[in-house]
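Peer 1: Quick one: the structure is below, questions incoming.
The values are calculated or read from the model by the stated rules, or taken from the named source; none is laboratory data. Note that this is a predicted model, so its numbers are computed, not measured. Reconstructed Cβ throughout: ideal geometry from the backbone, glycine too, with neighbour counts over all protein chains shown. All accessible areas refer to the heavy atoms of the entire protein, side chains included, with ligands and DNA or RNA removed. Shrake-Rupley method; radii C 1.70, N 1.55, O 1.52, S 1.80 Å.
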There are 2 protein chains.
Amino acid sequence: MKARIHITLKEGVLDPQGKAIQLALGDLGFGGVDDVRQGKYIEVDLAETDASKAKDALDDMCKKLLSNTVIENYTIDLDE
Amino acid sequence: MKARIHITLKEGVLDPQGKAIQLALGDLGFGGVDDVRQGKYIEVDLAETDASKAKDALDDMCKKLLSNTVIENYTIDLDE
(Lines give C-alpha, C1' and ligand atoms only; values in the text may rest on other atoms or scores of the structure.)
Protein backbone atom coordinates (compact mmCIF):
# COMPACT_ATOMS: atom_id res chain seq x y z
CA MET A 1 0.00 0.00 0.00
CA LYS A 2 1.36 3.37 -1.04
CA ALA A 3 0.89 6.62 0.85
CA ARG A 4 1.63 10.20 -0.05
CA ILE A 5 2.36 12.56 2.83
CA HIS A 6 2.46 16.35 2.58
CA ILE A 7 4.10 18.31 5.36
CA THR A 8 3.58 22.06 5.30
CA LEU A 9 4.36 24.90 7.65
CA LYS A 10 1.37 26.14 9.63
CA GLU A 11 -0.26 29.41 8.65
CA GLY A 12 1.68 32.30 10.16
CA VAL A 13 4.94 30.41 10.55
CA LEU A 14 7.74 32.24 8.72
CA ASP A 15 9.04 30.30 5.68
CA PRO A 16 12.53 31.60 4.81
CA GLN A 17 13.04 28.89 2.18
CA GLY A 18 9.84 29.89 0.40
CA LYS A 19 10.79 33.55 0.63
CA ALA A 20 14.22 32.78 -0.88
CA ILE A 21 12.54 31.00 -3.80
CA GLN A 22 10.18 33.93 -4.30
CA LEU A 23 13.10 36.40 -4.42
CA ALA A 24 15.11 34.16 -6.75
CA LEU A 25 12.13 33.89 -9.12
CA GLY A 26 11.89 37.70 -9.10
CA ASP A 27 15.61 37.97 -9.90
CA LEU A 28 15.09 35.58 -12.84
CA GLY A 29 12.43 37.90 -14.23
CA PHE A 30 9.30 36.05 -13.14
CA GLY A 31 6.87 38.81 -12.14
CA GLY A 32 3.60 38.49 -10.26
CA VAL A 33 4.72 35.83 -7.80
CA ASP A 34 2.74 36.85 -4.72
CA ASP A 35 3.83 34.12 -2.34
CA VAL A 36 5.80 30.87 -2.21
CA ARG A 37 5.64 28.26 0.55
CA GLN A 38 7.86 25.20 0.55
CA GLY A 39 6.88 21.96 2.18
CA LYS A 40 7.93 18.33 2.13
CA TYR A 41 6.48 15.49 0.12
CA ILE A 42 7.11 11.92 1.21
CA GLU A 43 6.05 8.71 -0.53
CA VAL A 44 5.89 5.63 1.69
CA ASP A 45 5.45 2.03 0.55
CA LEU A 46 3.92 -0.09 3.28
CA ALA A 47 3.59 -3.87 3.50
CA GLU A 48 0.32 -3.32 5.43
CA THR A 49 -2.76 -4.00 3.30
CA ASP A 50 -5.45 -2.83 5.72
CA ALA A 51 -6.16 0.84 4.96
CA SER A 52 -7.27 1.73 8.47
CA LYS A 53 -4.22 0.16 10.12
CA ALA A 54 -1.95 1.77 7.53
CA LYS A 55 -3.51 5.18 8.21
CA ASP A 56 -2.97 4.76 11.96
CA ALA A 57 0.67 3.74 11.47
CA LEU A 58 1.30 6.66 9.11
CA ASP A 59 -0.32 9.07 11.55
CA ASP A 60 2.01 7.80 14.24
CA MET A 61 5.03 8.13 11.92
CA CYS A 62 4.12 11.74 11.16
CA LYS A 63 3.77 12.58 14.85
CA LYS A 64 6.93 10.79 15.98
CA LEU A 65 9.38 11.46 13.16
CA LEU A 66 8.24 13.03 9.93
CA SER A 67 6.70 16.31 11.05
CA ASN A 68 7.20 18.84 13.80
CA THR A 69 3.60 19.29 14.90
CA VAL A 70 4.39 22.52 16.75
CA ILE A 71 4.97 24.37 13.48
CA GLU A 72 3.89 21.92 10.76
CA ASN A 73 0.68 20.35 9.48
CA TYR A 74 0.58 17.03 7.68
CA THR A 75 -1.89 15.31 5.38
CA ILE A 76 -1.91 11.62 4.47
CA ASP A 77 -3.33 10.27 1.20
CA LEU A 78 -3.57 6.53 0.77
CA ASP A 79 -3.53 4.93 -2.69
CA GLU A 80 -5.86 1.98 -2.29
CA MET B 1 -4.15 31.75 -8.95
CA LYS B 2 -2.60 29.10 -6.75
CA ALA B 3 -0.37 26.27 -7.95
CA ARG B 4 0.94 23.17 -6.23
CA ILE B 5 4.23 21.78 -7.53
CA HIS B 6 5.63 18.35 -6.68
CA ILE B 7 9.28 17.67 -7.37
CA THR B 8 10.38 14.07 -7.08
CA LEU B 9 13.56 12.17 -7.86
CA LYS B 10 13.39 10.18 -11.08
CA GLU B 11 13.00 6.42 -10.91
CA GLY B 12 16.38 4.81 -10.32
CA VAL B 13 17.99 7.88 -8.78
CA LEU B 14 19.34 7.07 -5.33
CA ASP B 15 17.45 8.86 -2.54
CA PRO B 16 19.66 8.93 0.59
CA GLN B 17 17.19 11.17 2.44
CA GLY B 18 14.36 8.72 1.85
CA LYS B 19 16.59 5.83 2.88
CA ALA B 20 17.52 7.64 6.11
CA ILE B 21 13.82 8.13 6.91
CA GLN B 22 13.16 4.44 6.22
CA LEU B 23 15.95 3.37 8.57
CA ALA B 24 14.83 5.83 11.26
CA LEU B 25 11.26 4.49 11.04
CA GLY B 26 12.64 0.97 11.47
CA ASP B 27 14.63 2.09 14.52
CA LEU B 28 11.45 3.56 16.00
CA GLY B 29 9.74 0.20 15.66
CA PHE B 30 7.67 0.78 12.55
CA GLY B 31 7.88 -2.49 10.63
CA GLY B 32 6.82 -3.21 7.08
CA VAL B 33 8.09 0.01 5.55
CA ASP B 34 9.22 -1.21 2.13
CA ASP B 35 10.38 2.07 0.63
CA VAL B 36 10.45 5.81 1.32
CA ARG B 37 11.11 8.53 -1.23
CA GLN B 38 11.32 12.18 -0.28
CA GLY B 39 10.45 14.99 -2.62
CA LYS B 40 9.67 18.68 -2.46
CA TYR B 41 6.29 20.36 -2.37
CA ILE B 42 5.98 24.00 -3.33
CA GLU B 43 2.89 26.21 -3.24
CA VAL B 44 3.02 29.28 -5.47
CA ASP B 45 0.56 32.18 -5.47
CA LEU B 46 0.51 33.90 -8.84
CA ALA B 47 -1.06 37.23 -9.80
CA GLU B 48 -1.71 35.75 -13.29
CA THR B 49 -5.37 34.81 -13.81
CA ASP B 50 -5.07 33.06 -17.19
CA ALA B 51 -4.56 29.33 -16.51
CA SER B 52 -2.64 28.64 -19.70
CA LYS B 53 -0.23 31.54 -19.17
CA ALA B 54 0.21 30.57 -15.51
CA LYS B 55 1.00 26.98 -16.50
CA ASP B 56 3.61 28.16 -19.00
CA ALA B 57 5.24 30.43 -16.43
CA LEU B 58 5.29 27.67 -13.81
CA ASP B 59 6.77 25.23 -16.30
CA ASP B 60 9.52 27.75 -16.98
CA MET B 61 10.10 28.27 -13.24
CA CYS B 62 10.47 24.53 -12.71
CA LYS B 63 12.96 24.21 -15.55
CA LYS B 64 15.02 27.26 -14.61
CA LEU B 65 15.05 27.19 -10.82
CA LEU B 66 12.84 24.81 -8.90
CA SER B 67 13.88 21.41 -10.22
CA ASN B 68 16.99 19.73 -11.54
CA THR B 69 15.54 18.09 -14.63
CA VAL B 70 18.53 15.76 -14.99
CA ILE B 71 17.52 13.82 -11.89
CA GLU B 72 14.09 15.17 -10.95
CA ASN B 73 10.55 15.11 -12.34
CA TYR B 74 8.00 17.80 -11.58
CA THR B 75 4.22 18.01 -11.75
CA ILE B 76 2.16 21.20 -11.67
CA ASP B 77 -1.43 21.34 -10.37
CA LEU B 78 -3.35 24.56 -10.81
CA ASP B 79 -6.21 25.49 -8.47
CA GLU B 80 -8.61 27.30 -10.78
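Peer 1: If I go through the range B:5-16 residue by residue, how many of them are touching a residue at least 12 places away in the same chain (Cβ under 8 Å) and either in a helix (DSSP H, G or I) or facing chain A (nearest Cβ under 9 Å) (or both)?
Peer 2: Adding up the residues that qualify gives 3.
Peer 1: Does the range A:48-64 hold any residues that are open to solvent by 60 Å² or more (accessible area, probe 1.4 Å) and either within 7 Å of another protein chain (Cβ to nearest Cβ) or β-branched (Val, Ile, Thr) (or both), and which are they?
Peer 2: If the condition is that a residue be open to solvent by 60 Å² or more (accessible area, probe 1.4 Å) and either within 7 Å of another protein chain (Cβ to nearest Cβ) or β-branched (Val, Ile, Thr) (or both), then A:GLU48, A:THR49, A:LYS64 are the ones that fit.
Peer 1: Name the residues in the range A:49-80 that are charged (D, E, K, R), over 22 Å from B:ALA20 (Cβ atoms) and touching a Lys or Arg at 6+ places or on another chain (Cβ under 7 Å), would you?
Peer 2: Of everything in the range A:49-80, those that are charged (D, E, K, R), over 22 Å from B:ALA20 (Cβ atoms) and touching a Lys or Arg at 6+ places or on another chain (Cβ under 7 Å) turn out to be A:ASP77, A:ASP79.
Peer 1: Checking A:ASP35 against (1) closer than 19 Å to B:ASP35 by Cβ; (2) within 11 Å of another protein chain (Cβ to nearest Cβ), which test does it fail?
Peer 2: (1)
Peer 1: Return yes when B:THR69 is open to solvent by 50 Å² or more (accessible area, probe 1.4 Å), free of Cβ contacts under 8 Å to residues at least 12 places away in the same chain and over 28 Å from B:LEU25 (Cβ atoms) and no when it is not.
Peer 2: Working: open to solvent by 50 Å² or more (accessible area, probe 1.4 Å): yes; free of Cβ contacts under 8 Å to residues at least 12 places away in the same chain: yes; over 28 Å from B:LEU25 (Cβ atoms): yes.
It is true that B:THR69 is open to solvent by 50 Å² or more (accessible area, probe 1.4 Å), free of Cβ contacts under 8 Å to residues at least 12 places away in the same chain and over 28 Å from B:LEU25 (Cβ atoms).
Peer 1: How about the range B:17-39: which of its residues are open to solvent by less than 60 Å² (accessible area, probe 1.4 Å) and assigned to a helix (DSSP H, G or I)?
Peer 2: Result: B:GLY18, B:ALA20, B:ILE21, B:GLN22, B:ALA24, B:LEU25, B:GLY26.
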